[in-house]
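Chemist: If you scroll down you'll find the structure; I have some questions about it.
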Amino acid sequence: MNWQHRLRGAALVLALGLSPLAHAQDGAGPAKHFYNRTSFRIPVVIDDAERANLSELRLYVRQNGGDWSVAASGPASQKAFKFDAPADGEFWFSIATVDAAGKMLPDNPKLLEPALVVVVDTQPPTVDVKPMTVASGQTYL
């Protein structure tokens, strides 16, 4: 049984408060969630029967095309992870599970695929309004 089949019951769900700032789907990979805070919770949804066979959950994060790294870990009973983004940017999240025998699935973090993408953007938009006079003499902003 391959790791993708064994992990089919494990999923990441985004909970950024009452509602995310924005949600976009570009057709490739998971939807991007845009959020204007650097701290948020990521609930982990795993079937209870599958959870019973696990000893640990590991939340992996990847930023700006870098390598996957463990952002947090906890017991299989853990229902969510808190994540504090170090800065604005795009963060990819995935989860690996560790079974009772100590085997991590997937066994190589390089094989992880993003299950959740969050774009943290805490900077308010800036607007630069300038008068502009057109050939007819009318002025626009």
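The values are calculated or read from the model by the stated rules, or taken from the named source; none is laboratory data. If you're wondering where the values come from, they're calculated on a predicted model, not measured in any experiment. Ideal geometry is used to build each Cβ from the backbone, glycine not excepted, and the neighbour counts take in all protein chains shown. All accessible areas refer to the heavy atoms of the entire protein, side chains included, with ligands and DNA or RNA removed. Shrake-Rupley method; radii C 1.70, N 1.55, O 1.52, S 1.80 Å.
Chemist: Within 10 Å of each candidate Cβ there may be at most 13 other Cβ atoms; applying that plus a DSSP loop requirement, which chymotrypsin sites (Phe, Trp or Tyr not before Pro) in segment 71-111 survive? If you can, show how the numbers build up before the last one.
Modeler: Values: sites: F81, F83, F91, W92, F93; in loops: none.
Answer by residue number: there is no such site.
Chemist: Once the whole set of protein chains is in place, how much accessible area is left on L105, using a 1.4 Å probe, in Å² to the nearest 10?
Modeler: Around 10 Å² of this residue is reachable by solvent.
Chemist: Which FRET efficiency value, to the nearest 0.05, is calculated for T122 and K82 with the Förster distance at 22 angstrom and r the Cβ-Cβ distance? List each step's numbers first, then the result.
Modeler: Values: r = 17 Å, r/R0 = 0.78.
Rounded to the nearest 0.05, the efficiency is 0.80.
Chemist: With every protein chain present, what accessible area does S55 have (1.4 Å probe, heavy atoms only), rounded to the nearest 10 Å²?
Modeler: Surface open to solvent at S55 totals about 60 Å².
Chemist: Less than 15 Å from a label point 7 Å out along the Cα-to-Cβ axis of N64: which backbone N atoms in segment 85-103 qualify, by residue?
Modeler: So the set is 85-92.
Chemist: Contour minus end-to-end for A52 and N108, with contour as 0.36 nm per residue of separation and end-to-end as the Cα-Cα distance?
Modeler: Between A52 and N108, full extension yields an extra 17.9 nm.
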